[in-house]
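S.K.: Here it is: the structure, laid out below.
Every read-out reported here was derived from the displayed coordinates using simple, explicitly stated rules and does not represent laboratory data. The model shown is predicted, which means the values in this text are computed figures rather than measured ones. In this analysis, Cβ positions are derived from the backbone assuming ideal geometry, glycine residues included, and neighbour counts consider all displayed protein chains.
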Amino acid sequence: MLTAKPRVGLYWLGACHDRSRLRSRIYSTENTLKKTKVPAEKILKGLQEEYPDVKCALDHRDPLQLLVATILSAQCTDVRVNLVTPALFAKYPTVADFANARLPDLEKLIHSTGFFRNKAKNIQAAAQRLLTEFKGKVPKTMEELLSLPGVARKTANVVLGTAYGIASGLVVDTHVFRLSHRLGLTRANTPEKVEQDLMKIIPQTDWIQFSHRLIHHGRKICFARNPQCDRCSLNAVCPKIGVAK
């Protein structure tokens, strides 16, 4: 009977070493989370005191503009989107204008936001669906918003929370995802699962502002690299998961 020869090549040994290191990191992180009891109410209070009047960073005047701006914000900074939207909204002030836009013209205006061809198609298709299915109005339910091209839960939560004051969920962008892990509020590996974890521990009355505050905190203080812990209002309660000691 033939028996398999043991793999002892350098590649296999290196792969085993990498897997071992990865398992060690995961085990360490999970242990840290299990031992840490994060006081969510203190985090909420600290963020509220630090950012009492926070608002959505995307400039807009109505739900349609917010919808378009949020679609543009995918893989793009809010600062860049805010530089692009004044000319965009001036050229296309209504749903019908977006629905009937020439794609090359629309692409040119949003080019600097990245993925401009796909975004242009989604914006136009979303506007067309608003006209045919929703009488030209941006809908007020999660289900209806998710039926629009280019709209996932993050965009829908932004529109519902900011434009209509409806707390159907929490916005989980890169900042919320990163800080939620650093604060020990979740260890989930997708935005959808992070949102579900946050919904269990954050009161629904705080869902809208919590995301806005966490986003501002991530931009101002809690950077991905070299967070300013000495300036942080959450320093005393933050477990600093993933931060080099």
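S.K.: What does the C-alpha gyration tensor say about the overall shape of the range 55-117? Classify as rounded when a/c is under 1.5, otherwise prolate if a/b is larger than b/c, or oblate.
M.R.: oblate
S.K.: Moving on to the next point. Counting pairs of alpha carbon atoms under 8 Å apart in space and at least six apart in sequence, what relative contact order in percent does the range 80-209 give?
M.R.: The normalised contact order for the range 80-209 reaches 16 percent.
S.K.: At q = 0.16, 0.19, 0.21 Å⁻¹, what log₁₀ I(q)/I(0) does the range 117-164 have when each alpha carbon counts as one equal point scatterer in the Debye sum?
M.R.: For the range 117-164, the Cα-only Debye profile gives -0.39, -0.55, -0.67.
S.K.: Mind checking which of V194, T155, H217 is farthest towards the positive end of the range 149-245's charge dipole, using Cβ charges of +1 (Lys, Arg) and -1 (Asp, Glu) about the Cα centre?
M.R.: Value computed over the given set: H217.
S.K.: Let me ask something additional. Gap in Å between the Cα centre of the range 85-142 and the Cα centre of the range 193-224?
M.R.: 28 Å
S.K.: List the pairs from K108/K193; K45/K245; K42/K245; K45/K154; K45/K135 whose alpha-carbon separation is above 30 Å, in the order I gave them.
M.R.: Going by Cα-Cα distance, K108/K193; K45/K135 fall outside the 30 Å limit.
S.K.: Still on this model: Starting from the alpha-carbon convex hull of the range 113-245, give the projected area averaged over all orientations, in nm².
M.R.: Across all orientations, the range 113-245 yields a mean hull projection of 9.2 nm².
S.K.: Just to confirm the filter: which trypsin sites (Lys or Arg not before Pro) across the range 158-212 are DSSP coil and have at most 12 other Cβ within 10 angstrom of their Cβ?
M.R.: Here no loop site has a sparse enough neighbourhood.
S.K.: Determine Rg/Rh for the range 75-170; Rg is computed over alpha-carbon atoms and Rh is the Kirkwood hydrodynamic estimate from the same atoms.
M.R.: Rg divided by Rh gives 0.95.
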